[in-house]
Structure formats: structure tokens, C-alpha cells
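Just below is one structure, and these are the notes that go with it.
FYI, it's all coordinate maths here, none of it is from the lab. Everything numeric in this text was worked out from a predicted model, so none of it was measured. FYI the Cβ positions are ideal-geometry reconstructions off the backbone, even for glycines, and counts take in every protein chain you see.
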Amino acid sequence: MSNPGEEDATPITGTAALAAYFAAGAKPREKFRIGTEHEKFGFRHPGTGEGLGGDFAAPAYEPRGIRAMLEGIAALGWDEILDQGNLIGLKAAGESVSLEPGGQFELSGAPVATLHETADELNRHFNDIHTVAAPLGLGFAPLGFHPTARRADMPFMPKSRYAIMRRYMPLVGGLGLDMMLRTCTVQVNLDFASEADMVRKLRVALLLQPVATALFANSPFTEGKPNGFLSARANVWTDTDPDRTGIPPVFFEDGFGFERYADWLLDVPMYFVAREGKLIDVAGESFRKFIAGEVPALAGVTATIGDFADHFTTVFTEVRLKRFLEMRGADAGSPAMMLAQSAFWVGLLYDDAALEAAYKLVAEHDWRALAAIRGQVPRQGLAAPFAGGTVRDLARAAAAIARDGLRARGHGEESFLDPLDAIVAGAPTQAEHWLERYHGPWGGDVTRIFEEAAV
């Protein structure tokens, strides 16, 4: 989840001004970039957790935990980000490190031109993690849902917005705290050239997001046992907060664009407003009413563009529009699968012919039928039935289009899709691989996943 953003004290004058904020993200094709964000769970190596939670326990903020990790990486040349005196993030050269509520470590990569640069960035980050984590007895494993910890076992990070979310989440969904504490994702951020280009990419990405969920499924265990899901993380999102998640119908209405999106955001319930370095808890209130001066807790406070920018970071749709598009539907996974996820979306969305082919692929079906796959793939994955076949058929077609799109880019990036080619041809997904290990050589010991999945 994002570190605090840059403040913009410009008063909001109407939805046209908010639409202009998003429109300012449009770029010419030669300036399109790739951003990859990925999260991973920390764990204590056996024999190092005495008095600190035990073997494979999630590290607390301190002692010898997440704060020490941040301090160690800061010493490698990063600037610190503080929240009420607590170190909660880092930034350097377009990259940032932030914390999810349960201490999940997130790298938000710099915008880069090619997937080769993404691969280099991942390698540098994992090298930094190893350098700092080893003396602390810590390891990090990218998995979609924590495989052993109970919700009560997970620490809470001292980040102000998380205290607000912790109070509010149980009021609107049964699994919101699990989303905060026990899930990890990998996210790809891509650019658009215009409003029309944004809408086309947004719709294609939204309707193929359940396919990505199935391809990258990597969370088959809960509290030490198989949970009946291939992506427990995806299931958690179905009962987190219906006001801000999923695939909203408004995105497919005639005339949808920047202004309609901004107007929709005004009715998504707020979490907070930042003033003088502190957060005012207004969870559940309407941003529209805030602009009109009708929120009692914000009496005399003028709504600004900066407030709106903070607000839309609390919207968690399967694809989120900022000044770029965020693809958010996949479980965290191995480095090869993280790169495959970025390659999948770059191939589909950054070449005109590939985007047109992907648009035709989803246009063969009513958008509601494709969106409905989202409810099936957490359990069934690629085997979920669809259109007389299975989701694997749709994934195979999408992966082929993505490969064509990468080939057309001419950067030699096609090999990053190799793991997906194997899966669509019938190889096990990450989740299915772990289940095979659990029922075979692990002998039912889920803790074996930490060492095998560690980066």
C-alpha cells in the first residue's frame, strides 16, 4: 500500500478539475514505462526466533524486525519516510519501499522502459533484502496468502492509515483484516496515451484480470492446511469492501472516461484526510459531502486535490486508475512469475495490434460473463468452466497475444512469458505445485514452503 503522497493544496472546483488530474497522466507512446510492485511475507528462520515469535513467525515491527530491515536498507542509500516518528518506508531514484499492515515488504519499482530493466531491478532488491535480512535471522517469501499464521498472530505496523482501516474494515466486510494482514500481491503499472486509450486498456485489463488471477494463483494454504482454494487471496477480496473493490459496472457504461470515474470516486466512502502531519479519521464519510462542507469532523477544512489523490489510493478495484493503470489481480509469486506478470500485461497493452486482438478476445463475450469468472477462479483456477471450455482456453489465447505484442516491441522480452506458456499447456500453477509438495515430499508440513519459496 502506498507511502504518503505529495501534497497538492489546490482547492477542488468541480469534477472537471478532478478529471483533469487523471488526464494529465496521458503520455506519448515513446514515454510509456513499466512499473512493477511486489510484496512478500517476512519470516524468522528456524533457531533465530526465540522470544520473537518462534520459527517461521512473521516479524513484528521491532525488535530485530521490520524497522531493522528498513534501517538496514536505508543505510544502502535510501531516504527514510516517517509517520509520527516511525520509520514506515523508503525512497530512492524513483523506487520506494513501503509496508503493508502486517509487515509485508513492498517494493514499488521505478518506471522503466523494458522488462530487462525490471529484471535487473528485482535482482538488486532481492540482493539488498538478503544483505540486510541474514544478520537478523529473517527471510522473505512471496506468497498470495500467509500459509501458517492466524490473523491474531500477525503484527500491525505503526502506520496511521492502518489504524483507521483496522477499525473500519470489519464494518463493511468479513475478510478485510485478512486482506490487510495475510495477503501479498504483485502489481503492474502501465501508461495510457489518451482518455480513449485509457478506457480501452482499462476494460481489456479488467476483463482479463480473473484470467491473471488463475494463472498466478499462489495461495492454497491457510493456518498450516490446504484451504480449498488455489488463490485464497482472491477469495479474500470478494468479502473485503464492496464499495471499493471488484469490477464496477460503471467502468463499462457508455460515456465512461476521466470525469465519470472521478464522479464515481466521490461516492466511494473515505478513510481519512491528512492535515498537519496527522490523519483525521472520517471512515465511511462521502468525499462529495466533504467538498460541500457537510462532514462534521471536517468543518472548516477545504477539500484539495491532494486530499482527492489520497482518497483514490484507498480504492481497490481489480484495475485501478491513477495517472496510470494498475493491474491488481495476481498473487505474489516467484521472481520468474513476477516478471511473467509484467510481461503478460505489457505484451497485451503496449502494442496496438495486440491490444486490438485482446479487445476482440474479450468482446466475443458479454462483459458480465467475463467478470463473473472472478467468483470461480479462486477455487477452480484455470479449470473453471467458461464458454463451453475452461478459463485455461482463454488464458492460452491471451498469452499468445501477449507474446505477439512483446515480439512486436522488439526488445527481446518474449522469454519472460515462458512460465505462462508451460502453464497454459497444462503444467501446474504455483498453487498446484505447492499442493503436490504438501501431499508428497513435505509429508503435510506446510512450513517447508518458507524455505522453498524464499527469494
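Observations, loosely collected:
- Filtered by the rule that a residue be assigned to a helix (DSSP H, G or I) and of a type outside the set (S, T, N, Q), the stretch 123-151 gives R124, H125, F126, D128, I129, H130, V132, A133, A134, P135, L136, R151.
- Counted residues, the stretch 327-367 - those being over 16 Å from the mean Cα position of the chain (by Cα), closer than 24 Å to P142 by Cβ and not aliphatic (A, V, I, L, M): 1
Residue-wise test of (1) crowded, with 17+ Cβ neighbours inside 10 Å; (2) among the hydrophobic types (A, V, I, L, M, F, W, C); (3) touching a residue at least 40 places away in the same chain (Cβ under 8 Å).
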residue: G49; (1), (2), (3): yes, no, yes
residue: I66; (1), (2), (3): yes, yes, yes
residue: G77; (1), (2), (3): no, no, no
residue: F105; (1), (2), (3): yes, yes, yes
residue: L122; (1), (2), (3): yes, yes, yes
residue: A141; (1), (2), (3): yes, yes, yes
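- Filter pass, E50 being more than 14 Å from M157 (Cβ to Cβ) and among the acidic types (D, E): yes
- M198 vs. criteria touching a helix residue (DSSP H, G or I) at 6+ places or on another chain (Cβ under 7 Å) and of a type outside the set (G, A, S): no
- Some residue of the stretch 44-62 being under 16 Å from H130 (Cβ atoms) and in contact with a His (Cβ under 8 Å, 6 or more places away or on another chain): no
- Options D393, D418, D445: the member that is free of Cβ contacts under 8 Å to residues at least 24 places away in the same chain, of a type in the set (D, E) and either within 23 Å of V186 (Cβ to Cβ) or outside any helix (DSSP H, G or I) (or both): D445
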